[in-house]
Structures are given as structure tokens and as C-alpha cells.
1. What is the helix-to-structure angle for 99-110, meaning the angle in degrees between its Cα long axis and the longest Cα principal axis of the chain, kept from 0 to 90 and rounded to the nearest 10?
2. Tell me the relative contact order for the stretch 149-301 as a rounded percent, counting alpha carbon contacts under 8 Å between residues six or more apart.
3. Go through the stretch 49-58 residue by residue and turn each phi into a ³J(HN,Hα) via Karplus (6.51, -1.76, 1.60, θ = phi - 60°); whole Hz please, and just put x for glycine and proline.
4. If amide hydrogens are placed 1.01 Å from N in the peptide plane, which non-local residues have theirs closer than 5 Å to the one on S227?
5. Tabulate in residue order the Karplus-calculated ³J(HN,Hα) for the stretch 284-296, using 6.51 cos²θ - 1.76 cosθ + 1.60 with θ = phi - 60°, rounded to whole Hz; enter x for Gly and Pro.
6. What is the extension gain from R446 to D291, computed as 0.36 nm multiplied by their sequence separation minus the C-alpha to C-alpha distance, in nm to one decimal?
7. Which is farthest toward the positive dipole end of the stretch 226-375 among L314, A235, C259, measuring Cα position about the Cα centre, with Cβ charges +1 (Lys, Arg) and -1 (Asp, Glu)?
8. How high is the relative contact order of the chain, in percent, with contacts defined as C-alpha pairs under 8 Å that are six or more residues apart?
Amino acid sequence: MSDVEQRGLPRRTVIEGAAVVTVDGAAPDGSGIGNEYPEGHVVLEDGLVRSVGPGPAPPRNGPERRVDGTGCLATPGLVNTHHHLYQWATRGCAVDSTLFDWLTELYPVWAGIDEDLTRSAAAAGLGWTALSGCTTVADHHYVFPRTGGDVLGGVVSGAERIGVRLHAVRGSMDRGRSAGGLPPDSAVEDIDSALEGTAAAVERFHDPGFDSRLRVAVGPCSPFSVSTELMTRSAELAREHGVRLHTHLAETTDELDRCAAEFGCDPVEYAERVGWLGEDVWLAHGVHLSDGAISRLGETGTGVAHCPSSNGRLGAGTAPVRPLLDARAPVGLGIDGVASNESGRLGDELRQALLLGRAEHGPDALSVRDALWMGTRGGARCLGREAELGSLEPGKLADVALWDLSGLGHAGIGDPVAALALGPLPPLRRSWRGGEALVEDSRLVRESERDLTAELRRACARLGTGRGG
Ligand SMILES: [Zn+2]
């Protein structure tokens, strides 16, 4: 029985009077990103988009919930392709550091996380990002302290509390300091434990169904914290189980230097060498890519999770998003862990991607619609879910964000997509995952922000971060 049935709510919701941007175009091109209706409707029924189009919804008898979307913009729910939810308890640390210095300071802190902390941090982080229009989140969890208990189970139960779709990437690290890596030895696993834990996570949690709310991917952390053997065997394990692959790649020049010194090649060449290019792979960052690397990502259909705020926070550089899109590589947006993006809102990344991309590559680098496409359909493609998510089309899952553009922050901006992507992040009038409400009038439906905040403060106090209380 679904949550809707349990609560006795109508199985059909009709949104009318809103601007509707469907993002039903397969790729952003000169003509836009698909059908748009200045005033249209979206009908959600039995967890799916039943109809979408201009004007009012076709009349129908029977119980239904009606939502007046006047002054609002309806888009697909946003898809966050890269996060580290446990980091919600370690924001505001190493605030002026490079990636490697930041990691060196934070790894010993992260070595103290446990199941209770990941549950509280995941609920807090997902609640916050749900309020920014997210309905699907990929969480990359790679810290498994030996005394931490069921930390991945904590993330999963945190997600269940908020109601978003979760792609739980079971990460791993096997190169502690004694093996030339950055993490303390107490925060890494041996290869067999990492692979066994990953296989167990797939068997325990992965739901491959069309309307899945929980999928698992395989995600060794990065080439500088994971051995070549673990990278290679992780790829084999993922393909054996039919799940996707995710890791960090080509984030900083330090990583390029280390890759050249250790492997004699650039990160994308190394990824190819260990079986990590393909349509079942998406990579976080992809900041430092040669023209040849961009072509290779496009040819192989390897996705990139673009995390502009995190890249700016750590001074890592700017990903070549326009060339990646032109090469037909799937590109989605990511928050990245909030220890390197204290804002934690995917909606903000639309704007950040535009500003960073244009500052680096010129005013034609990205359009407002390119940004929305990446935050929705591009993200769905990275997660291998383009058939189900990322656009408002009949038969797709009813994951929708309804942005309120009627207030002072957006008054007078004629183009609703420009208002969303260039203006301040609008209040979220409503959002739905599979037709079930996640957010109503900028408040979470299932949890209270006050409770999540108090719980997070207690978690931070236990970890020794933040101000506690
Ligand atoms: Zn990351």
C-alpha cells in the first residue's frame, strides 16, 4: 500500500495555471529543451505523470486534489547526481583549504562517524535539499569506520524519513596513510571487506524497478584513495550485478600531477585502463579534462556530475561543461558533500553552473535552459534513469517541483526559466515524488525542520564539530 493510500488522499493531483517547462527534449540545443507552456497543466495519477499540456487539464470525474499553480513554474523534480550526506555534520571546516589539505584535515573527523550520525545527517541534508526542489539524490558514501556500525543503513533510513528517491553509492577506500593515501588507516577497508560490503549492499537495498525509490551503485572513492586492484574489481562487481559505477575523477591539478607521477597518464586514461568508462559510469567533477578526454567521455557515454559550488569553494577550477555537452557526454548537476558546499541546495547549482561556466568560457557557454536541463534530464541520464525521470511526460514518474515566482524576488522577470536559474532560488510551493507530496508551502511534509536541526546539533556535538547544543 502506498503512502497516498495509507493517508487516504486522492490518487490524482491536478496542477493548473502554472507555467510548465517539460524538459522533454533529449538534449539541449539551439531550439531549447523541449515543450514549454506559458500557462498549462500537469496531472499526476497513480505515481505517474498522466497528462501535461497547455491550458486547463482535461475534465474527469472522481476524487482529485487540485493545486492552483497561478504565478508558479512547474518543472521536473531536480536530480542531484553527487552528494556525501554524512558531511552535513562537518560543515564549515578547513574553509580556506585546497582539496588535498581539506581532506587531510577532515578524514580524521570522518573516521569518527557512526550509524546514528549518518541517519541524522542524511535526514537533515535530504530535508534541506528537498526544500530546494530535489526529488532524487545520489549519495556517495565511502567512509566505513571499523567501529561505525551500519553507516550505509543509516543513510538509507534517513532518506526514507524525507521521502526522496535515493541512489546509495556504496563507496570504499583501501589506501590509508601507510599505503600512500590521505585517509587514516582506521577509515579504510581491505579490498575483500570493501567488495563484500558492496555486494551485500546491492543485495540488501538495490531495487531495479521502474518506480524504484532506492538503488545502489558501486563507488570506490577516487584514484588517490583506492588501489588499482579495488578500482578494477569494483567495476567487475558492478557489471556482474547490473548496477552503475561512480567515483571522483579529474577534480584538481594536484590529482593530475599525482596521476601522472603514479600511473604515467591523465585521470581519464587511467579510468579507461581500469574499466571505468562507459554508459553505466558517471564521474564526479571532470574539471581538468583535455580535449581528447572530453571526446572519450562523449564517445563512451560516460556521465559527469558537475559540482560548480564545490569546485569554487575548493578553488579546484571550472569543468568544461559546454564542450562536454557538445561531445554528447551526459552532464548532471551535483551539490557534492556539504563540507565543501555549505549551501547544500541543488537549486542553487543551476545559477552557480551558469555563472561559473560563463565566467570561464564566455557568455555563450551555457543558457538558462541548459542549466535546467542538466539539473533534471541530464541528471536522470547520469543515473541511468532517463526512461523514468527528468522530464514531465505522460508515463514517467510523477516527480515535480512547483516553484513560486509570484513574490518580490522574481516579480517582473518575464521568462520563468530565467527567474529560476538567474534569480534567487524561489520558494517551493509544492514538490512531489511519485505523486506523493514531499514539500508543501516550503515545508517538509514528513519531518519538521526544527526536529531535524536539534537532532543534527546533537550529532555534531557527539562528533566534536559545530557548536553542538
Ligand atoms: Zn564528492
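The values are calculated or read from the model by the stated rules, or taken from the named source; none is laboratory data. What you see is a predicted model; the values in this text were computed from it and never measured. In this analysis, Cβ positions are derived from the backbone assuming ideal geometry, glycine residues included, and neighbour counts consider all displayed protein chains. Side chains are part of the model used for accessible areas, which takes the heavy atoms of the whole protein and leaves out ligands, DNA and RNA. Shrake-Rupley method; radii C 1.70, N 1.55, O 1.52, S 1.80 Å.
1. Result, in degrees: 90.
2. 19 percent
3. So the Karplus estimates, Gly and Pro as x, are 6, 8, 8, 8, x, x, x, x, 6, x Hz.
4. D174, R175
5. Result, rounded to whole Hz: 7, 5, x, 7, 9, 10, 6, 4, x, 5, 4, 4, 5.
6. Length gained between R446 and D291: 51.2 nm.
7. The Cα lying farthest towards the positive end belongs to L314.
8. On the way: 1142 pairs, mean separation 92.8, N = 469.
In percent, rounded to a whole number, it is 20.
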